[in-house]
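A short write-up of the structure that comes next.
The values are calculated or read from the model by the stated rules, or taken from the named source; none is laboratory data. For clarity, every value in this text was computed on a predicted model and none was experimentally measured. Note that each Cβ is placed from the backbone with ideal geometry, even for glycine, and that neighbours are counted across all protein chains shown.
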Amino acid sequence: MRVEYRLLGPLEADVDGRQARLGGPKQRAVLALLLCQPNTVVPASRLIDGLWGDAPPGSAANLVQGYVSGLRKALGKEAIETRGAAYVLRVSSGALDLQRFERLAYEGSQALERDDPSGAAAALREALALWRGPALADIADEPSPQCNAAGRSHRGSGRQRVAHPPSVRWPV
C-alpha cells in the first residue's frame, strides 16, 4: 500500500492513488502533527498539547486514540504505529510533498552553483508546482500551534532552505 501526503495546501492523503477521507478537523490536525515529524516517535501528550493547548478535556487521551484509529482506517493499519503512549507515522521516501519540495529546491540551488540556470529553473518550477495554496490551509483554524507554526515557517521559506540539503525529518 502506497500513501502520499500533501501539506503544501489543504491537507490531503492518497492511498494507492485514491484520495483518503481524513475525517474531521481534530483528526486532520492529528495527522498534520504526525506529519510534522514523519517516522519519529511523537508522544500522545504532544498531540494533546497541539490539539487543546493548556485546556485539554479530561477525555483527551481517549479522543486522540479515536482520532488515530480513524486515521488508520483511512490510511491503512500499518501507516501509524503505536509505541507505548506515543505514535509513529510511517512515511516512505518521497511520499510527502514537503520533502519533495525541499529536495527539488536543493537540486535547483545545486544547479545554480554548477552554473546550470536551465536545470535550476526546471527544478525550481517543479518545486513551486507542488504548492496548492497556504500550507495546511484547511486546518489553520484548529488550535494546533505546532502545525500552524510549521505551516507558516515553510510558506515562502524556500529561499532560506535551498542552500541546505533536504532533511529526512521535518524539524518543527
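Scan segment 3-47 residue by residue and report those that are in contact (Cβ under 8 Å) with a residue 40 or more places away in the chain, closer than 22 Å to Trp131 by Cβ and in a loop (DSSP other than H, G, I, E, B).
Scanning segment 3-47 gives Leu7, Leu8, Gly9, Pro10, Leu11, Ala20, Leu22, Cys36, Gln37, Pro38.
Testing Gly50 on (1) part of a helix (DSSP H, G or I); (2) modelled with pLDDT of 95 or more; (3) farther than 23 Å from Gly17 by Cα, one condition comes back false. Which one is that?
(2)
Residues of segment 62-94 being hydroxyl-bearing (Ser, Thr, Tyr) and in a helix (DSSP H, G or I), which ones?
Tyr67, Ser69
For Asp115, are the conditions met, namely being among the acidic types (Asp, Glu) and at pLDDT below 95?
So Asp115 fails the test.
So which residues in segment 88-116 are buried (at least 21 other Cβ atoms within 10 Å of the Cβ), farther than 16 Å from Ala13 by Cβ and either of a type outside the set (Gly, Ala, Ser) or touching a strand residue (DSSP E or B) at 6+ places or on another chain (Cβ under 8 Å) (or both)?
Within segment 88-116, Phe101, Glu102, Leu104 qualify.
Within segment 74-98, how many residues turn out to be touching a Lys or Arg at 6+ places or on another chain (Cβ under 9 Å) and in contact (Cβ under 8 Å) with a residue 24 or more places away in the chain?
10
With respect to Leu98, determine if the residue is among the hydrophobic types (A, V, I, L, M, F, W, C), at pLDDT below 95 and closer than 14 Å to Leu31 by Cα.
Taking the combined requirement at face value, the residue does not satisfy it.
Going through Glu78, Glu12 one at a time, which residue ends up being surrounded by 17 or more Cβ atoms within 10 Å (Cβ to Cβ) and of a type in the set (Asp, Glu)?
Just one listed residue meets the conditions, Glu12.
Considering only residues that are of a type outside the set (Lys, Arg) and buried (at least 17 other Cβ atoms within 10 Å of the Cβ), which ones fall in segment 27-39?
Gln27, Ala29, Val30, Leu31, Ala32, Leu33, Leu34, Leu35, Cys36, Gln37, Pro38
Inspect all residues belonging to segment 146-154 and state whether any of them is touching a helix residue (DSSP H, G or I) at 6+ places or on another chain (Cβ under 9 Å), assigned to a loop (DSSP other than H, G, I, E, B), at pLDDT below 95 and under 29 Å from Met1 (Cβ atoms).
Checking segment 146-154: not a single residue is touching a helix residue (DSSP H, G or I) at 6+ places or on another chain (Cβ under 9 Å), assigned to a loop (DSSP other than H, G, I, E, B), at pLDDT below 95 and under 29 Å from Met1 (Cβ atoms).
With the structure loaded, tell me whether Asp14 is closer than 12 Å to Ala74 by Cβ and not basic (Lys, Arg) or whether it fails that test.
Yes; evaluated as a whole, the condition is true for this residue.
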